[in-house]
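Presented below is the structure to which this report refers.
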Amino acid sequence: MTRRGQLGVVTGELDAAGVPYRVLQGGKHLKVKFGQRLEHLLVISRTPSDRRADRNARAGVRRALRGQAI
């Protein structure tokens, strides 16, 4: 796993899928809105709590893309 962090992992997956997204900052978490109308939301922490955080973020965005047929 590279040291891109959760945000890099999530935006990389969205870029690879060709899905538009916007990153919102505020508070302790980052919010990534994505989809054609930015109707989906994924919340990730600014500072991961464990070594699997990047993998969990990747799994979350892939699950959302697969589940919503984006």
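How do 35-45, 9-19 rank on mean C-beta neighbours within 10 Å, highest first?
Values: 35-45: 13.9, 9-19: 16.2.
The most tightly packed comes first, giving 9-19, 35-45.
Within a Cβ distance under 10 Å of Val23, other residues only, what is the Lys/Arg minus Asp/Glu net charge? Taking every Cβ under 10 Å from that of Val23, the sum is +3. Per residue, the accessible area of the chain comes to 69 Å², computed with a 1.4 Å probe over protein heavy atoms only. For the chain, with all protein chains in place and a probe radius of 1.4 Å, 46% of the accessible heavy-atom surface sits on carbon or sulfur. Checking the a/c ratio against 1.5 first, then a/b against b/c, what shape does the Cα gyration tensor give for region 2-59? Oblate is the answer for region 2-59, as a/c is 1.5 or above yet b/c matches or exceeds a/b.
The values are calculated or read from the model by the stated rules, or taken from the named source; none is laboratory data. What you see is a predicted model; the values in this text were computed from it and never measured. Cβ coordinates were reconstructed from backbone atoms using ideal geometry, including for glycine residues, and neighbour counts include every protein chain displayed. These area figures cover heavy atoms from the full protein model, side chains too; ligands, DNA and RNA do not enter into them. Shrake-Rupley method; radii C 1.70, N 1.55, O 1.52, S 1.80 Å.
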